[in-house]
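Data first, discussion second: the structure below is written as structure tokens.
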Amino acid sequence: MSMNSSDQAAAYWQPVLLRALVAAAFGVVTIFWQEPGQAVMAVAGGLYLLFSGAAVWLLARKPDAGDFRTLLLLQAGAFAVAGLLALVLQAPATFTILATAALLIGGGAELVLWWQNRGAGGSLLAKDWLITGAVSVGFGAALPFFTHLGAHALLGVLGGQAIIVAVVLGIAAATYRFESRKAAAG
């Protein structure tokens, strides 16, 4: 990547923050909704995946995202398609398949992005991709084991993933914003 870290921070902090806010909102819903049914699972989970896909798509649209645009678009597409289908097909088994596929594809894409960008001169986002990718793959692999427990358990597991993603990306976005403002002032 040809951009220096302060240029990357300025370019990336907003889509990273958007994804963190989407994940935080979903995580809060899963914590405080005591007895969600299938409709709540489908709508809340579907919107979480759909809006996460939109945030990743905004990151992929950055002009300097050329080195990793394809994998980001794969991740955004997996999230968006799974989210849209979850909104329409409201059953725990279907939701499990969709969310599992989205997390495994999206998390796998992030792990590949981390691997490609882990060294000096790579993307500022590499550290975050390692964590969010590993969390997504781990929770995606675990999700099918909770299908028989119903909507509440599925939302709880996906909500756990969302909370971790929200914290990691929220801290990252705040750091990137601080770094970009500091560079602009200096």
- Over the Cα atoms of the chain, what is the Rg over Rh ratio if Rh follows Kirkwood? 1.00
- Query: Over segment 14-114, how many percent of alpha carbon pairs lie in each 5 Å bin up to the one with the longest distance?
  - Reply: 2, 15, 22, 25, 18, 10, 5, 2, 0
- Please report the relative contact order for the chain, taking Cα pairs under 8 Å with a sequence separation of at least 6, and give it as a percent rounded to a whole number. 33 percent
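Over the Cα atoms of segment 81-186, Rg to Rh with Kirkwood Rh, two decimal places?
On the way: Rg = 16.4 Å, Rh = 15.1 Å.
A ratio of 1.09.
Would you mind working out the magnitude of the charge dipole of the chain relative to its Cα centre, with +1 at each Lys and Arg C-beta and -1 at each Asp and Glu C-beta, to the nearest 20 Debye? If you can, show how the numbers build up before the last one.
Details: 9 positive and 7 negative charges, 59 e Å.
It comes to approximately 280 debye.
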- segment 124-158 and segment 98-119 have their Cα centres apart by a whole-number Å value of 12 Å
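Quick one: accessible area per residue over the chain, 1.4 Å probe, rounded to a whole number of Å²? Don't skip to the answer; put the middle values down first.
Values: 8570 Å² over 186 residues.
Per residue, the chain has 46 Å² of solvent-accessible surface.
Considering only protein heavy atoms and a probe of 1.4 Å, how much of the accessible area of the chain is carbon and sulfur, as a whole percent? It would help to have the intermediate numbers written out before the result.
Details: 6000 of 8570 Å².
Within the chain, the accessible surface is 70 percent carbon and sulfur.
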- Write down the radius of gyration of segment 59-105 and its Dmax, each obtained from C-alpha positions, in Å. 12.8, 40
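The values are calculated or read from the model by the stated rules, or taken from the named source; none is laboratory data. Keep in mind it's a predicted model, so treat the numbers as computed, not measured. Methodologically, a virtual Cβ is constructed for each residue, glycine included, from the backbone with ideal geometry; neighbour enumeration extends over all protein chains shown. Surface areas here come from the heavy atoms of the whole protein model, side chains and all, with no ligands, DNA or RNA. Shrake-Rupley method; radii C 1.70, N 1.55, O 1.52, S 1.80 Å.
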